[in-house]
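Please treat every number below as a calculation from the coordinates, not as lab data. Every value quoted in this text rests on a predicted model; they were computed, and no experiment measured them. All Cβ positions, even for glycine, are placed from backbone atoms using ideal geometry, and neighbour counts span all protein chains on display.
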């Protein structure tokens, strides 16, 4: 059974705060209900991770909305700009099924960013950890890698961990 909004321990008090929390809660609740009904969650991890990463680095909701006003979902290179840095965001969420932990992390498709943030969620879309990589260090470590894991990403700089 899908937990109610009250039962989901979202990132309130841990990361960010402000007006995006209410709409985030609604999105997560609907996605979890969808998953319960259809067996698979809709693809919301990317959108959530971008706004969560912005909050983690200290970006206000208003600044994030203004920053994204002229972007599209497929804008190449980076996901948002904050304090002069271009941020690329990657994230993973386990399905919640027994024996389905996250084992594969997507590699960056380009290096048109300054900092990459990788976020790991739990099955309820609660941020468990966030790690940051500077573009040159990331490129040195992973440019030729064919497979990345959470263990690889944890070699970066920790931004947040429950």
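Could you list the square roots of 5 times each eigenvalue of the Cα gyration tensor of the range 20-161, that is, the equivalent ellipsoid semi-axes, sorted largest first and rounded to whole Å? List each step's numbers first, then the result.
On the way: eigenvalues 111, 84, 33 Å².
With the √(5λ) rule applied to the range 20-161, the semi-axes are 24, 20, 13 Å.
Given the options 142, 43, 20, state which has the largest fluctuation in a GNM of the chain using a 10 Å cut-off (strictly under) for Cα springs.
Highest fluctuation of the listed residues: 43.
For the chain, modelled as a Gaussian network with Cα springs under 10 Å, which listed residue fluctuates most, 48, 148, 32?
Result for the chain, Cα springs under 10 Å: 148 fluctuates most.
Say we join alpha carbon atoms closer than 10 Å with springs in a Gaussian network model of the chain; which of 141, 26, 83 then has the biggest fluctuation?
Answer for the Gaussian network model of the chain: 83.
Applying a 10 Å radius around every beta-carbon, put 73-82, 86-95 in order of their mean neighbour count, most first.
Working: 73-82: 14.2, 86-95: 20.2.
Going from most to least packed, we get 86-95, 73-82.
How do 115-124, 153-162 rank on mean C-beta neighbours within 10 Å, highest first?
Order by mean packing, descending: 115-124, 153-162.
Can you quote the Å³ per residue value for the convex hull of the Cα atoms in the range 25-100, rounded to an integer? Let's see the in-between values first.
Values: hull volume 9.0 nm³, N = 76.
Each residue corresponds to 118 Å³ of Cα convex hull volume.
Based on DSSP H runs of at least 4 residues, each adding -39500 (n - 2.57), what is the mean residue ellipticity at 222 nm of the chain after dividing by all its residues, to the nearest 500 deg cm²/dmol? Please list the in-between numbers first.
On the way: 5 runs with 51 residues, N = 162.
Calculated from helices alone, the mean residue ellipticity at 222 nm is -9500 deg cm²/dmol.
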